[in-house]
Amino acid sequence: MPLWDVVIIGGGAAGLMCAIEAGKRQRRVLLIEHSNRVGKKILMSGGGRCNFTNLHVRPDNFLSANPHFCKSALARYSPWDFIAMVERHSIAYHEKESGQLFCDQSSKLIVNMLVAECQQAGVRIEVGCKITTVEHRFPGFALETSLGSVQASALVVASGGLSIPKMGASGFGYELAKRFGHRILATRPALVPLIFTEEDLEQYRDLSGIGLLAEIRCNNHYFAGGMLFTHRGISGPAILQISSYWQLSDELGINLLPGTDVLAWLTERQRSRPSAELRTVLAECLPKRLAQRLCKLVFGSFPLRQYSQLELEAVAERLQYWRFYPKGTEGYRTAEVTFGGVNTDELSSATMASKKVPGLYFIGEVVDVTGHLGGFNFQWAWASGHAAGQAL
Ligand SMILES: Cc1cc2nc3c(=O)[nH]c(=O)nc-3n(C[C@H](O)[C@H](O)[C@H](O)COP(=O)(O)OP(=O)(O)OC[C@H]3O[C@@H](n4cnc5c(N)ncnc54)[C@H](O)[C@@H]3O)c2cc1C
C-alpha cells in the first residue's frame, strides 16, 4: 500500500495551494479529486476571468462564528504573495473596482499555474478518483479509493462547500468532519440571488433585466452596489453580498436612491415642475419601467402639485427604505459559497489542524469562514491552504 506524507481530498483552490506548499517542503503529496479535472470553480469564477484576490483583504470581509479565526492565516499569506505567483507566471491581470483583481484573459491561466506549481513541487494529482472509506489508523490514515488503498501520515480535507453540485460540490467534508468528532455549524447558501414571494413575483417579475445602484440593509449590515431584477427575484453584487447575512423572514431595506435626499429633491421638483406627473419625475433618476411600476402599485401618478407634504414624505421614505421580504434564495444551485461549516473552535488558526484528531486538517470553504464577494473567498482558500501546507 503506497504511503504518502499527505493526502489532500479536493483539487480546488485550497487543496491545490496546500499541495504546492507541502510539496515544496519535500512532503510526498497525493491530491485526490473526484471530478474529471481540478480547479473547476476557479475556471467558472469571475465570469471566466477569476477574481483571484482582493487588495483590501481584512478580517471583517469574512463571516464566521469566530471572527478572529481567519486573522492568522490571512496575515501570513497576503494578496501580494498570490500576486507574486501570478506575476512569476506572467499572467496579466487588472484591478476592476475596490481592489478586485481579475485575469485579463482567462481563469484557465490560474488553474494552469497552480497545476504547474504542483508538478514542480512533485505533487501527484489523481482526478476521477472516488474515496469510499477513510479510517484513522494511528498514527495516520487509511483510505479506500477507486484507485486502490492509500495510506498517509496526514489528511487534509479541502473538499469545499455545497454550492454548485454539478461542479463536483459534495457534503463529503462535513460528513467526514462529523465522523471524526467535529461540529458542523449550520450551513446555508451565501452570495446567492434572493427570490420573490408569489405576490412580489406577480408584481415585479416583468421588471427582469432592470439594473440600478442601490443600498441594501439587513440585520445591521449594509452594502451599496448594483442590484438587478431577475425573472424570479433580485440579484446583482449588492444583493449577493447581503444574502450572506439574510435568513428566512428577515427584512431587507432597499434604498433605491442612495446618496440622494429624496424628500428635498421631490420638494424642489414640486416647485420647479408642478405639472409633471410623479412617474415622469421619478424616471429622471430611476429606470423608467421601475418608476412606472412603483407609481402604479404604490404612489399613484398625478401632477406633483397634487401631492401633499405628507404624501411626498411617504414616497421619499418608500424609495429610501423599501421593505422587502424575500421568499428564499436560489439555493446551492447558484450560490457562490456555503455559509457555515467546520467549527473553527476545534481547529488551530495557525495551521488549520484538527484539535481532536492528530494529522487531520480542514482548509478552504469547508471551514466556517465565508468571504464577501470580490476575491475574498479565493484569498481565504489560498491563505488557509498555505497555512496547512506550511505545517504538514
Ligand atoms: C460561480 C462561482 C464564481 C465564483 N467566483 C469567485 C471569484 O471570482 N472570486 C472568489 O474569491 N471566489 C469566487 N467563488 C468562490 C470560490 O470559488 C470558492 O470560495 C473556492 O473555490 C473555495 O475553494 P475550495 O478549494 O475550498 O473549494 P472548491 O474550489 O469547491 O474545491 C473543492 C474540490 O473538492 C472536490 N471534491 C468534493 N468532494 C470530493 C470528494 N469526496 N473527493 C474528492 N474530491 C472532492 C470538488 O470537486 C472540488 O474540486 C465563486 C464560486 C462560484 C460557484
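Filter segment 9-33 down to the residues that are hydrophobic (A, V, I, L, M, F, W, C) and within 20 Å of residue 337 (Cβ to Cβ), then identify the one that is surrounded by the fewest Cβ atoms within 10 Å (Cβ to Cβ). Working first, answer last.
First, pick out the residues of segment 9-33 that are hydrophobic (A, V, I, L, M, F, W, C): 9, 13-14, 16-20, 22, 29-32.
If we keep only those that are within 20 Å of residue 337 (Cβ to Cβ) too, we end up with 9, 13-14, 16-18.
Numbers: 9: 25, 13: 31, 14: 34, 16: 31, 17: 30, 18: 33.
This residue is 9.
Out of curiosity, is residue 310 touching a residue at least 24 places away in the same chain (Cβ under 8 Å) and not polar (S, T, N, Q)? Considered against the rule, which asks whether it is touching a residue at least 24 places away in the same chain (Cβ under 8 Å) and not polar (S, T, N, Q), residue 310 comes out as no.
Could you tell me which of the residues 66, 36, 54 is open to solvent by 30 Å² or more (accessible area, probe 1.4 Å), more than 7 Å from the ligand (Cβ to nearest atom) and closer than 22 Å to residue 369 by Cα? Full working, then the answer.
Numbers: 36 fails: closer than 22 Å to residue 369 by Cα; 54 fails: open to solvent by 30 Å² or more (accessible area, probe 1.4 Å).
Of 66, 36, 54, the one residue that is open to solvent by 30 Å² or more (accessible area, probe 1.4 Å), more than 7 Å from the ligand (Cβ to nearest atom) and closer than 22 Å to residue 369 by Cα is 66.
Could you list, in sequence order, the residues of segment 329-359 that are within 15 Å of the ligand (Cβ to nearest atom) and farther than 27 Å from residue 45 by Cα?
At the first step, the residues of segment 329-359 found to be within 15 Å of the ligand (Cβ to nearest atom) are 329-342, 344, 347, 352.
Within segment 329-359, 347 is the sole residue that qualifies.
Those residues that are part of a loop (DSSP other than H, G, I, E, B) and within 16 Å of the chain's Cα centre (by Cα), I need them from segment 360-392; list them, please.
Here is the first cut: in segment 360-392, the ones part of a loop (DSSP other than H, G, I, E, B) are 363, 368-369, 372-375, 392.
Scanning segment 360-392 gives 363, 368, 369, 372, 373, 374, 375.
Filtering segment 134-166 to residues that are over 17 Å from residue 33 (Cβ atoms) and of a type in the set (Val, Ile, Thr) leaves nothing.
When residues in segment 124-178 are screened for being hydrophobic (A, V, I, L, M, F, W, C), open to solvent by less than 30 Å² (accessible area, probe 1.4 Å) and either closer than 21 Å to residue 387 by Cβ or in contact with a Lys or Arg (Cβ under 6 Å, 6 or more places away or on another chain) (or both), 9 of them pass.
Just to check your reading of the model, which residue among 266, 248, 257 is aliphatic (A, V, I, L, M) and either within 16 Å of the ligand (Cβ to nearest atom) or open to solvent by 60 Å² or more (accessible area, probe 1.4 Å) (or both)?
On the way: 266 fails: either within 16 Å of the ligand (Cβ to nearest atom) or open to solvent by 60 Å² or more (accessible area, probe 1.4 Å) (or both); 257 fails: either within 16 Å of the ligand (Cβ to nearest atom) or open to solvent by 60 Å² or more (accessible area, probe 1.4 Å) (or both).
When all the criteria are applied, what remains is 248.
Of the residues making up segment 80-104, those that are surrounded by 13 or more Cβ atoms within 10 Å (Cβ to Cβ) and farther than 21 Å from residue 373 by Cβ are 81, 85, 89, 91. Residue 127 fulfils the conditions (1) aliphatic (A, V, I, L, M); (2) touching an Asp or Glu at 6+ places or on another chain (Cβ under 7 Å); (3) under 28 Å from residue 218 (Cβ atoms); (4) within 10 Å of the ligand (Cβ to nearest atom) except for a single criterion, (3). The set of residues from segment 101-124 being farther than 18 Å from residue 40 by Cα and within 12 Å of the ligand (Cβ to nearest atom) comprises just one member, 101.
Restricting to segment 333-343, what's the tally of residues that are in a loop (DSSP other than H, G, I, E, B) and either basic (Lys, Arg) or surrounded by 19 or more Cβ atoms within 10 Å (Cβ to Cβ) (or both)?
4
Kindly indicate the residue of segment 142-159 that is in a strand (DSSP E or B) and of a type in the set (Ser, Thr, Tyr) and also nearest to the ligand (Cβ to nearest atom) among those meeting that condition. Spell out the reasoning first.
The initial filter retains those residues of segment 142-159 that are in a strand (DSSP E or B), namely 142-145, 148-157.
With of a type in the set (Ser, Thr, Tyr) added as a condition, the list becomes 145, 149, 153.
Numbers: 145: 9, 149: 16, 153: 19 Å.
Here the residue is 145.
If you check 212, 191, which single one turns out to be in contact with a strand residue (DSSP E or B) (Cβ under 7 Å, 6 or more places away or on another chain), over 29 Å from residue 160 (Cβ atoms) and modelled with pLDDT of 95 or more? Walk me through it before giving the result.
On the way: 191 fails: over 29 Å from residue 160 (Cβ atoms).
Criteria check complete, one pass: 212.
Report, by residue number, each residue of segment 130-141 that is within 12 Å of the ligand (Cβ to nearest atom) and part of a strand (DSSP E or B). Before you say what the answer is, go through the steps one by one.
As a first pass, look at segment 130-141 and keep what is within 12 Å of the ligand (Cβ to nearest atom): 130-134.
Within segment 130-141, 131, 132, 133, 134 meet the criteria.
The values are calculated or read from the model by the stated rules, or taken from the named source; none is laboratory data. Everything numeric in this text was worked out from a predicted model, so none of it was measured. Note: ideal-geometry Cβ built from the backbone for every residue, glycine included; neighbour counts use all protein chains shown. Remember, those area values only see protein heavy atoms, side chains included, never the ligands or the DNA or RNA. Shrake-Rupley method; radii C 1.70, N 1.55, O 1.52, S 1.80 Å.
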